[in-house]
1. Using amide H atoms built in the peptide plane, which far-off residues or other-chain residues are under 5 Å from A78 H to H?
2. Could you pull out every one of the aspartates and glutamates with an alpha carbon less than 16 Å from that of K120, ignoring same-chain neighbours closer than 8 positions?
3. Once both axes come from the Cα atoms, what is the angle between helix 203-213 and the longest principal axis of the chain, in degrees from 0 to 90, rounded to 10?
4. Working only with C-alpha atoms, what are the Rg and Dmax values of the stretch 165-228, expressed in angstrom?
5. Need one number: nm distance between label points at N215 and D54, each 7 Å from Cα along Cα→Cβ, rounded to one decimal.
6. Tell me the Rg and the Dmax, in Å, that the Cα atoms of the stretch 25-170 produce.
7. In sequence order, what are the phi-derived ³J(HN,Hα) couplings for the stretch 214-228 according to the Karplus relation 6.51 cos²θ - 1.76 cosθ + 1.60 with θ = phi - 60°, rounded to whole Hz, with x for glycine and proline?
8. Of the heavy-atom accessible surface of the chain (probe 1.4 angstrom), what whole percent is carbon and sulfur?
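The values are calculated or read from the model by the stated rules, or taken from the named source; none is laboratory data. Everything numeric in this text was worked out from a predicted model, so none of it was measured. Note that we place each Cβ from the backbone using ideal geometry, even for glycine, and neighbour counts take in every protein chain shown. When the accessible area is computed, the model is the full protein with side chains, heavy atoms only, and any ligands, DNA or RNA have been set aside. Shrake-Rupley method; radii C 1.70, N 1.55, O 1.52, S 1.80 Å.
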Amino acid sequence: MSASSNTMPMAPSAPIGIFDSGIGGLSVLRHIHQNLPHEDLLYFADSAYAPYGDRSEAAISARTLAVTEFLLQSGAKALVVACNTATTAAIKAVRAAYPTLPVIGIEPGLKPAAAQTHSKIVGVLATKATLSSARLLALQEQISVASGVRFILQPCVGLVDQIEKGELRSPQTALLVRRYVAPLLEQGADTLVLGCTHYPFIRPLIEDVVQELSNSPVAIIDTGDAVCRQLARVLGEHGLLQPQARAGSVAAFATGSVSMLKTTFDSLLQLQPSVSPVATIALPEGIS
């Protein structure tokens, strides 16, 4: 049993923990901060270990459990795993280790994409780890059988690294986007799923590439807003919504560069939270 399982605050006034391998989860935090403005938020960027997409499921699961324990020790009342790769690799383990903790994961928006496509062909942009996970492949098969939609899975090697470096419009990032998007459009995809929380930050670049390569409209699916709605629903069910009408705070932790995370918060979200460095975090007691 974890050290925090009997000591979680579980109070409406406690903060929400939001976790990603790097800055990508800020695209989810943006939705939460806008739509649940009274809630206090704790953001954990595990940038020293990013990108998760290049790591084994065992390694991703270990990091996710360790970060979960850290956020609980910091007072979190709920956890948002704002990382597609960590969700597919580790959310089952997190829920098993913390059965009373409200946990919200994020998955590529295959279902809304299937509902939106006219060509019945959907391109899914994500990391290799997300696209190879049993969880995603089972979801893909289920939706394909029910809807007749064909999903083309496109691993985007190197794209997270570019976004982590802040290169949202650089020629190298544009080259990668064109390399990954072009084959999807050539095969008839009229809907693209952003299957990594980093990718919404380069959505304008993706839209530019799509406009350059396609004469037809192409829908782009970002599931950040759906995650926020699910979070609000789950918090309400547990009686954990912040009842006070006041401005919520944002604080952050980083295993990588503190200054870079501060700069990213400011440039992408126009927020200036305190950011604390985290040197090491350990697995919760009783988990190996």
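1. Under 5 Å from the amide H of A78 lie the amide H atoms of G17, each far enough along the sequence or on another chain.
2. By straight Cα distance, K120 reaches E141, E186, D190.
3. Orientation of helix 203-213: about 10 degrees from the principal axis.
4. Using the Cα atoms of the stretch 165-228, the pair Rg, Dmax is 11.8, 33 Å.
5. 4.1
6. That works out to 16.2, 48 Å for Rg and Dmax.
7. Couplings: 10, 8, 10, x, 10, 7, 10, 9, 10, 8, x, 5, 5, 5, 4 Hz.
8. Values: 6400 of 12050 Å².
The C+S portion of the solvent-accessible surface of the chain is 53 percent.
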